[in-house]
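Accompanying notes for the structure given below.
The values are calculated or read from the model by the stated rules, or taken from the named source; none is laboratory data. Please read all numbers here as calculations on a predicted model, not as lab measurements. Reconstructed Cβ throughout: ideal geometry from the backbone, glycine too, with neighbour counts over all protein chains shown.
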Amino acid sequence: MAAKRYAIVGTGGRGLGMYARPLLHDFQDTAELVGLCDHNQLRLAAANQILGTALPTFTDFQAMLVALDPDGVVVCTQDRTHASYIVQALQAGKRVYCEKPLCTTAAQCREILAAADRSPGEVFVTHNMRYGPAEQKIKQLVDTGKIGRLLSLEFNEHLDRSHGADYFRRWHRLKENSGGLLIHKASHHFDAMNWLAGSRPEVLTAMGGLLFYGNNGDFRGARCLDCVHAAECDFHIDLNEDERGRLLYLGAEAEDGYHRDGCVFDPQIDIEDQASVSYAYENGVRVNYSLLAYAAYEGISLVLEGTEGRLEYRSVVNTGWAVGNRMVPGMDEMAGESLKYFHPRKGEEVLQVPRLEGSHGGSDPALRADFFARPWDADDQGRMATLHEAVQAVLVGAAANASIAEGGQPVRVQELLVGDI
């Protein structure tokens, strides 16, 4: 199999760490990185410096497609721009791998679907939660009838004040850029629940708000770099402490003015830091979902209730890797995960979760292997999130945003594909 040629658009930390570096070092037989694109020339130069390469660089996406004619494109830009790059790549007949979320609005979903109908290209979205060892185990148990017919799911994610806070420093803090956490972050969770339920979301209601960040704290300055309150602020970060952050962000500010270290209490922040969503699937399965971004510690709780029992997955995560991390005492001892099955008449059964190495519990390396090592026409066993599946994840978030804006009014999710949102 000849190596497929890929170009990356968006050379921030995710684009380089998740895709560029592995493409250069882990998939030489099946994939080749042939170029980089970013609107910021300084960041492009920093990317080549960090990677130790001299890859061709472009600030014009169309020019890159024409000059390099790659087989595939990896989209790692700000969420609000995903749709534009996907549509352009589809018009050029390319295969597209897009970072989650697919896009930020139902209108963008409709635009991408229309472009896909006219293109030989394909779109897949990197919903890596499908690749998690625990999620793979849960999917296998559900599909083989361990809990009988699935009736309901409960999913709770609590992000701590290191990982969670970082969304309120960066471009994600504005809903026009990210769609808010119910699209940028929760799209992973919505996709996983759609995948487990085997159905499409039908109707939902949601409530949410900005309870901790934004104007709930003392706004002390536009950014951390020159803040006079640095020594006393629990949320201060110093981008000079990390070479990658210094090169990609501080070193590139002069061109586009983007600050990676905005104040988490900036009154301009307009995304929710807490939300609850309840919805029903077309097959009758019910969901209760909650997300908060200011928790004392980080973790996930996922409960699946069926006619023949209950699966409970719980994890506590050590976020020592997060920018600005301030370690919670005892986290090394608390961190871990468990998966249990409960039968109403037989009691508890502790189930083993396979262990994988790598980021996001080993899901990132597993995803990359499917995307970059597996032949394009080989069976992916349903792990790769297709365009239509990724659309459904965005629609849940878009419907939740609409419901919140209307004070919790019900929204019929599939109607967004023909509506005005």
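Of the residues 102, 151, which is touching a Ser or Thr at 6+ places or on another chain (Cβ under 9 Å), closer than 25 Å to residue 361 by Cα and either outside the structural domain of residue 186 (by TED's automatic domain parsing) or outside any loop (DSSP other than H, G, I, E, B) (or both)?
102
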Name the residues in the range 1-19 that are among the small types (Gly, Ala, Ser), farther than 19 Å from residue 256 by Cα and in a helix (DSSP H, G or I), would you? 17
Residue check: is residue 28 in a loop (DSSP other than H, G, I, E, B), surrounded by fewer than 19 Cβ atoms within 10 Å (Cβ to Cβ) and polar (S, T, N, Q)? yes
Restricting attention to the range 28-64, which residues are within 28 Å of residue 390 (Cβ to Cβ), aliphatic (A, V, I, L, M), touching a helix residue (DSSP H, G or I) at 6+ places or on another chain (Cβ under 7 Å) and touching a residue at least 40 places away in the same chain (Cβ under 8 Å)? 31, 47
Residue satisfying condition, being out of contact with any Phe, Trp or Tyr (no Cβ under 9 Å at 6 or more places or on another chain) and not acidic (Asp, Glu), within set 403, 363, 359: 403
Which members of the range 408-417 meet the condition of being touching a residue at least 40 places away in the same chain (Cβ under 8 Å) and more than 10 Å from residue 205 (Cβ to Cβ)? 412, 413, 414, 416, 417
Residue that is assigned by TED's automatic domain parsing to the domain that holds residue 403, β-branched (Val, Ile, Thr) and under 23 Å from the mean Cα position of the chain (by Cα), where the choices are 285, 303, 264: 303
If you check every pair at least six apart or on different chains, which have Cβ atoms under 6 Å apart with a residue in the range 144-155 that is touching a residue at least 24 places away in the same chain (Cβ under 8 Å) first and a residue that is surrounded by fewer than 18 Cβ atoms within 10 Å (Cβ to Cβ) and part of a strand (DSSP E or B) second? 152/286; 154/288; 154/303
Could you list all residues from the range 218-228 that are surrounded by fewer than 17 Cβ atoms within 10 Å (Cβ to Cβ) and touching a Phe, Trp or Tyr at 6+ places or on another chain (Cβ under 8 Å)? 218, 219
What are the residues in the range 199-250 that are within 23 Å of residue 18 (Cα to Cα) and in contact with a Lys or Arg (Cβ under 8 Å, 6 or more places away or on another chain), if any? 237, 239, 240, 245, 248, 249, 250
